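S.K.: Before I ask anything, here is the structure I am working with.
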Ligand code: ADP
């Protein structure tokens, strides 16, 4: 059996795909379909001969996935020649039903469908890719890897909102957490860098991409995380607000006549870095801040202040912390965000070494001084590789 896995990661209007060797993590090809459901769409495919770009409308995820398969045929590598062993699907919401990856069958499809109310933008896109891939590859095992699964170890005192108790059973209202595949990958890599088994280390991991969240990971198990019922709670993100006063919705509705849809859209799409500064991309915010732009400076400060609050809170949750770990686009690439969010925490044993922090290295590395009580690490995430590894582990167990 080969280690080749086709990894599919569908967002609400996008589809990322990658042909990954689960043993080495090498990607033989990858691509991105954007603006699905809009009047014009774009597919970019990176194959053995470089990148190719196709512009055409993609009415839904099925047409996007079929076009991606066409790109493999025309730009390579041809999928029938690579000996695919599985298709791995990232599925955003597995509710409290899935605490591990699972083989796709009719029951799984029904379960993921029943969870659509909890992830109305994402689970339908994931389901569309699952159904299409089952038709395209009827003889291949398909594995669903859930973003929420890693956080199913949260204890009740961490996942329970202080709300009427029947809301949990009747409405499934509780904290779930997301970015699970990234946390699983990064926790193992961080433990390797620390030279200790993952079961023996306590980590605060900060996944800072377009979406951002934090997790407290005790001995490899998630015990607290900043996203909750949905990926809106917690840290400041590119376009999402993160934490706000829950009375905000009632206030906007009563005083300003806003509808639930208006408020939901504003908090998810027009808030976060974009809301404060006008820019959702952290590189642009950083550039404008360097030029003295006051709104970009405020956005950066609010982002880092929120991070620092979560680091302090998760320190208290864990009691003992071996490392604070930065990952994803901002975490891996912004020395300024790392330094600002951890400044002044020496009393907690946390310090950033300026030379290491700003150095040109790229891989998993220490950015704290050698004598720090708590290591500060930068660990690149690789969600596609994690999905491929988890998919192959399930397939091998079944074989
Ligand atoms: P996604 O959540 O879409 O996977 P990524 O993990 O790719 O996102 O992170 C995207 C974010 O990382 C963007 O805000 C981008 O500006 C930021 N980023 C990428 N490179 C840099 C950099 N060199 N400096 C600062 N921010 C960066």
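The values are calculated or read from the model by the stated rules, or taken from the named source; none is laboratory data. Because the structure is a prediction, the values reported are computed rather than measured. Counting neighbours? That spans all protein chains shown, and the Cβs are built from the backbone with ideal geometry, glycine included.
S.K.: Going by the conditions given, is residue 306 over 19 Å from residue 180 (Cα atoms), modelled with pLDDT of 95 or more and within 14 Å of the ligand (Cβ to nearest atom)?
M.R.: Numbers: over 19 Å from residue 180 (Cα atoms): yes; modelled with pLDDT of 95 or more: yes; within 14 Å of the ligand (Cβ to nearest atom): no.
It is false that residue 306 is over 19 Å from residue 180 (Cα atoms), modelled with pLDDT of 95 or more and within 14 Å of the ligand (Cβ to nearest atom).
S.K.: Could we say that residue 65 is free of Cβ contacts under 8 Å to residues at least 40 places away in the same chain and in contact with a strand residue (DSSP E or B) (Cβ under 9 Å, 6 or more places away or on another chain) here? Full working, then the answer.
M.R.: Details: free of Cβ contacts under 8 Å to residues at least 40 places away in the same chain: no; in contact with a strand residue (DSSP E or B) (Cβ under 9 Å, 6 or more places away or on another chain): yes.
So residue 65 does not fit the description; no.
S.K.: Out of the residues in region 21-33 that are buried (at least 18 other Cβ atoms within 10 Å of the Cβ) and free of Cβ contacts under 8 Å to residues at least 40 places away in the same chain, state the one that is farthest from residue 383 (Cα to Cα).
M.R.: Taking the candidates together, the pick is 33.
S.K.: I would also like to ask the following. Scan (1) modelled with pLDDT of 95 or more; (2) under 15 Å from the mean Cα position of the chain (by Cα); (3) outside any helix (DSSP H, G or I) for the single condition residue 223 breaks and write down its number.
M.R.: Failing condition for residue 223: (2).
S.K.: Okay, moving on. Got a sec? Which of 234, 220 is touching a helix residue (DSSP H, G or I) at 6+ places or on another chain (Cβ under 6 Å) and in contact (Cβ under 8 Å) with a residue 12 or more places away in the chain? I'd like the intermediate steps shown before the answer.
M.R.: On the way: 234 fails: touching a helix residue (DSSP H, G or I) at 6+ places or on another chain (Cβ under 6 Å).
Matching residue, one of 234, 220: 220.
S.K.: Same structure, new question: Within region 362-398, can you find the residues that are away from the ligand (no atom under 16 Å from the Cβ), in a helix (DSSP H, G or I) and modelled with pLDDT of 95 or more?
M.R.: Matches in region 362-398: 388, 389, 390, 391, 392, 393, 394, 395, 396, 397.
S.K.: Inspect all residues belonging to region 166-188 and state whether any of them is away from the ligand (no atom under 16 Å from the Cβ), within 21 Å of residue 364 (Cβ to Cβ) and at pLDDT 95 or above. Before the answer, list the steps.
M.R.: Looking only at region 166-188, we keep the residues that are away from the ligand (no atom under 16 Å from the Cβ), and these are 166-176, 187-188.
Subset that is within 21 Å of residue 364 (Cβ to Cβ): 187-188.
Narrowing the set further to residues that are at pLDDT 95 or above leaves 187-188.
Taking every residue of region 166-188 in turn, at least one turns out to be away from the ligand (no atom under 16 Å from the Cβ), within 21 Å of residue 364 (Cβ to Cβ) and at pLDDT 95 or above.
This table checks each residue for (1) at pLDDT 95 or above; (2) within 30 Å of residue 96 (Cβ to Cβ); (3) within 16 Å of the ligand (Cβ to nearest atom).
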{"residue": "243", "(1), (2), (3)": "yes, yes, no"}
{"residue": "252", "(1), (2), (3)": "yes, no, no"}
{"residue": "263", "(1), (2), (3)": "yes, yes, no"}
{"residue": "280", "(1), (2), (3)": "yes, no, yes"}
{"residue": "310", "(1), (2), (3)": "yes, yes, no"}
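S.K.: Is it the case that region 150-157 has a residue that's over 14 Å from residue 93 (Cβ atoms), under 23 Å from the mean Cα position of the chain (by Cα) and in a strand (DSSP E or B)?
M.R.: no
S.K.: Against the definition (in contact with a strand residue (DSSP E or B) (Cβ under 9 Å, 6 or more places away or on another chain), outside the structural domain of residue 99 (by TED's automatic domain parsing) and under 23 Å from residue 388 (Cα atoms)), how does residue 214 come out, yes or no?
M.R.: On the way: in contact with a strand residue (DSSP E or B) (Cβ under 9 Å, 6 or more places away or on another chain): yes; outside the structural domain of residue 99 (by TED's automatic domain parsing): yes; under 23 Å from residue 388 (Cα atoms): no.
Taking the combined requirement at face value, the residue does not satisfy it.
S.K.: Taking the stated definitions as given, is residue 335 more than 16 Å from the ligand (Cβ to nearest atom) and either in contact (Cβ under 8 Å) with a residue 60 or more places away in the chain or more than 18 Å from the chain's Cα centre (by Cα) (or both)? Spell out how you get there, then give the answer.
M.R.: Numbers: more than 16 Å from the ligand (Cβ to nearest atom): no; either in contact (Cβ under 8 Å) with a residue 60 or more places away in the chain or more than 18 Å from the chain's Cα centre (by Cα) (or both): yes.
Considered against the rule, which asks whether it is more than 16 Å from the ligand (Cβ to nearest atom) and either in contact (Cβ under 8 Å) with a residue 60 or more places away in the chain or more than 18 Å from the chain's Cα centre (by Cα) (or both), residue 335 comes out as no.
S.K.: Still on this structure, I have one more. If you scan region 96-126, which residues turn out to be within 20 Å of residue 182 (Cβ to Cβ) and surrounded by fewer than 19 Cβ atoms within 10 Å (Cβ to Cβ)?
M.R.: Those that are within 20 Å of residue 182 (Cβ to Cβ) and surrounded by fewer than 19 Cβ atoms within 10 Å (Cβ to Cβ): 99, 100, 121.
S.K.: Moving on. Could you tell me whether region 168-189 includes any residue that is in contact with a strand residue (DSSP E or B) (Cβ under 9 Å, 6 or more places away or on another chain), outside any helix (DSSP H, G or I) and surrounded by fewer than 24 Cβ atoms within 10 Å (Cβ to Cβ)?
M.R.: Taking every residue of region 168-189 in turn, at least one turns out to be in contact with a strand residue (DSSP E or B) (Cβ under 9 Å, 6 or more places away or on another chain), outside any helix (DSSP H, G or I) and surrounded by fewer than 24 Cβ atoms within 10 Å (Cβ to Cβ).
S.K.: Being within 16 Å of the ligand (Cβ to nearest atom), more than 15 Å from the chain's Cα centre (by Cα) and over 23 Å from residue 24 (Cα atoms) narrows it down to one residue among 125, 214; which is it? Spell out how you get there, then give the answer.
M.R.: Values: 214 fails: more than 15 Å from the chain's Cα centre (by Cα).
When all the criteria are applied, what remains is 125.
S.K.: For residue 205, state whether it is crowded, with 18+ Cβ neighbours inside 10 Å and modelled with pLDDT of 95 or more.
M.R.: It is true that residue 205 is crowded, with 18+ Cβ neighbours inside 10 Å and modelled with pLDDT of 95 or more.
S.K.: Any chance region 291-303 includes a residue that's more than 12 Å from the ligand (Cβ to nearest atom), within 19 Å of residue 372 (Cβ to Cβ) and buried (at least 16 other Cβ atoms within 10 Å of the Cβ)?
M.R.: No, region 291-303 contains no residue that is more than 12 Å from the ligand (Cβ to nearest atom), within 19 Å of residue 372 (Cβ to Cβ) and buried (at least 16 other Cβ atoms within 10 Å of the Cβ).
S.K.: Scan region 253-264 and tell me whether some residue there is within 18 Å of residue 338 (Cα to Cα) and part of a loop (DSSP other than H, G, I, E, B). Show your work before the answer.
M.R.: Start the filter on region 253-264 by keeping residues that are within 18 Å of residue 338 (Cα to Cα), which leaves none.
Checked region 253-264: no residue is within 18 Å of residue 338 (Cα to Cα) and part of a loop (DSSP other than H, G, I, E, B).
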